[in-house]
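A short write-up of the structure that comes next.
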Amino acid sequence: MKKNTMLLSMTAVFVFIPLYCVCLIGCAGNKPKPHDDDVYGSRAYGYFLDGNMPLAVQTYKKGYASARKTDNVEGAAVYLSNIGRVFYEMAVIDSAVLYNRRAYEEFKALGDGAQASTAAAFLALCLAAGGDGEQAREWLKTAASTAGRKDSDHYLAVIRGMVDHRLASKTADEGAVDAAQAYYKKAKEGRMLSTIYILKADRDMSKGAYAAASGYLDSALTVIEASRERYKRSRILLRFAAIAFKNGDDGAGKRYYERARDCAPKGAAVPPMEEAAAARLIP
């Protein structure tokens, strides 16, 4: 697996920035009838929000098995997507790619273009995290060709921005990301806003604009509290640590790093402090 060691790719193999909330069963396409396996989705989502990634994966897998037994085809596809999503948070990239690819194939077979597009987009992000830029770009094209979400243009703009930054430490179309920010702010969609704020912080950090980056990180902290995604705090604190180290304040850098380490989600790797200080392998 390739590692980008340039200043603040900030999205190396440990974790990436979440793009869409882990879905509960029933969020794909038309709402299906209740199934016994639905309970696994809500439990796993709770574990995910609490930052217990291994238990979230384990529970989602139980839900997938149950969905298959009851022939809840749509629900099983959502479970595949969610399993891949959590593996991504754990930086188990090969598994994240595998499950998101399977989810895409299932959604495509179901004729659910919106969910197929989301799975393809997230697959592109996983491939970029693994260093496979060529395949990542191809899957972005696939995501665009099957897009059916109400917010497809904005969602894909954010994904492209993240893939761009992962592969080239820059965002090719910053205007599209700005438009997405305005859209999600108006919609009060905190999950996507936090993604955009962290992406913009990474962009500014790669340019050495640490004050501007800190402003975006403060905004990200505010919206993740409102959206219950507090498991994201660790990666934001790691960025604050990197900024402090880059500004020569080793004491503040160490304090931020220790906070990030102590609140990191279970199952998600935290880089050693010397790597955080060098701003190389920060989630």
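All of the numbers you see were taken from the coordinates with simple rules; none came from a lab. Just so it is clear, the model here is predicted, and its values are computed rather than measured. All Cβ positions, glycine included, derive from the backbone under ideal geometry; neighbour counts span all protein chains shown.
Looking at the square roots a ≥ b ≥ c of the eigenvalues of the Cα gyration tensor of segment 139-206, which shape do they give, rounded for a/c under 1.5, prolate if a/b is larger than b/c, or oblate?
Verdict is oblate for segment 139-206.
Which pairs in the list 200/254; 61/246; 150/266; 108/185; 141/188 are over 32 Å apart, alpha-carbon to alpha-carbon?
61/246; 150/266, as the Cα separations exceed 32 Å there.
Can you tell me the orientation of helix 250-262 relative to the chain, as the angle in degrees between its alpha-carbon axis and the longest Cα principal axis, to the nearest 10?
Relative to the chain, helix 250-262 is tipped by roughly 20 degrees.
Can you give the net charge of the other residues whose Cβ lies under 15 Å from the Cβ of residue 249, counting K and R as +1 and D and E as -1?
That works out to +3.
Kindly express, to the nearest 10 degrees and within the range 0 to 90, the angle between helix 233-246's C-alpha long axis and the longest C-alpha principal axis of the chain.
Helix 233-246 sits roughly 20 degrees off the main axis of the chain.
Return the label of the correct value of semi-axes √(5λ) of the Cα gyration tensor in Å, as calculated from the structure shown, out of (1) 34, 23, 17; (2) 36, 26, 16; (3) 31, 20, 17.
(3)
How large are Rg and Dmax for segment 92-219 when calculated on the C-alpha trace, in angstrom?
Answer for segment 92-219, Rg first and Dmax second: 14.7, 47 Å.
Which of 72, 82, 247 ends up with the largest GNM mean-square fluctuation for the chain, with Cα atoms connected below 10 Å?
Comparing 72, 82, 247 in the GNM, the peak value goes to 247.
Taking only Cα atoms, what is the 0 to 90° angle, nearest 10, from helix 113-129's long axis to the longest principal axis of the chain?
40 degrees
What value, in deg cm²/dmol to 500, does the helix sum -39500 (n - 2.57) over DSSP H runs of n ≥ 4 give at 222 nm once divided by the residues of the chain?
About -22000 deg cm²/dmol.
Want the number for residue 179 to residue 110: 0.36 nm per residue separation, take away the alpha-carbon distance, what's left?
That works out to 21.7 nm of additional length.
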